[in-house]
1. Rounded to the nearest 500, what is the chain's calculated 222 nm mean residue ellipticity when only DSSP H runs of at least 4 contribute -39500 (n - 2.57) each, over all residues?
2. Would you kindly state how much longer the chain becomes between residue 74 and residue 194 on full extension, computed as 0.36 nm times their sequence separation minus their alpha carbon distance, in nm to one decimal?
3. Nearest 10 degrees, 0 to 90: what angle lies between the long axis of helix 156-165 and the longest principal axis of the chain (Cα atoms)?
4. For a protection proxy built on the mean count of beta-carbon atoms within 10 angstrom, sort 97-108, 251-262 highest first, please.
5. Considering only C-alpha atoms, what is the centroid distance from segment 231-297 to segment 130-190, in Å?
6. Counting DSSP beta bridges in segment 123-240, what percent are antiparallel, to the nearest 5?
7. In nm, give the distance between the simple-model label positions of residue 179 and residue 92, each being 7 Å from the Cα along the Cα-to-Cβ direction.
8. With labels modelled as points extended 7 Å from the Cα through the Cβ direction, what inter-label distance (nm, one decimal) is found for residue 120 paired with residue 85?
């Protein structure tokens, strides 16, 4: 028989948005439950140096998330290691089913499920996932010490991954479909000055090549988008770093989405298309996608939920005005 838990506010997802929502919801005496999800701490747990978190010139991503989790817990948020697999937003109280078998019911929901890595969708990419193909440098970079590595992408994600991988690989080749990077200038400057980095401009990944026995990557085939010329690059590791997509599968048929799957919220708030359901962080943000903006939205979501719940209580407790007899 499954266990059922009820809370005024259920926070789905961790990371800066979820943990900050937990801090503020707990301080509002809402006794929130936070279900961490498949990747406790979110994307920052796969980031090394974070240099744009206010008050700290440099902090390790995992370290920051451990501190934020501890802060939320200290304020009174109950943090549960579980994964929400089903969510019913059509009936109240809202109902969420966990992979553990636990059923969570809630008067209000804060969605902070974040985003997940994008993949190119190549058959060879899928074949070698976990056997030389990865989307997380901090998870898997260690395995490629003194070996050649290829990074696919040209934005902040790709440049940050490439810079981190220079700590391990003998050479890091960055493959980008354009002739200039889209990352922040300070990151580009660091990349270009690193002697281990080589650039493959105007190129796209066509195929990951490798062996079946044992399963492993030996290189990649890339194509120049201007000339059509194909080149093979030797590599033991291939890191796909083309950004992230919002993790909105739980609500894609229930909430209004836009811009390729991001949850739509009312301007200046975290209110979604269903009253009592709020969304924060990278799940809603297709513009900024920063840890600090996610944390700010987590604060907003908790305050929005607090105000909404108070309004529901007022509707229930306020006496019905008597009809005038005049």
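Nothing in this text is a laboratory measurement; each read-out follows from the coordinates by a stated rule. The model shown is predicted, which means the values in this text are computed figures rather than measured ones. Neighbour counts run over all protein chains shown; Cβ positions are idealised from the backbone, glycine included.
1. Estimated from H runs of four or more residues: -8000 deg cm²/dmol.
2. 39.0 nm
3. Helix 156-165 sits at roughly 60 degrees to that axis.
4. Averaged packing, sorted descending, gives the order 97-108, 251-262.
5. If you average the Cα positions of each part, the centres end up 23 Å apart.
6. 45
7. 5.9
8. Simple spin-label model gives 3.3 nm for this pair.
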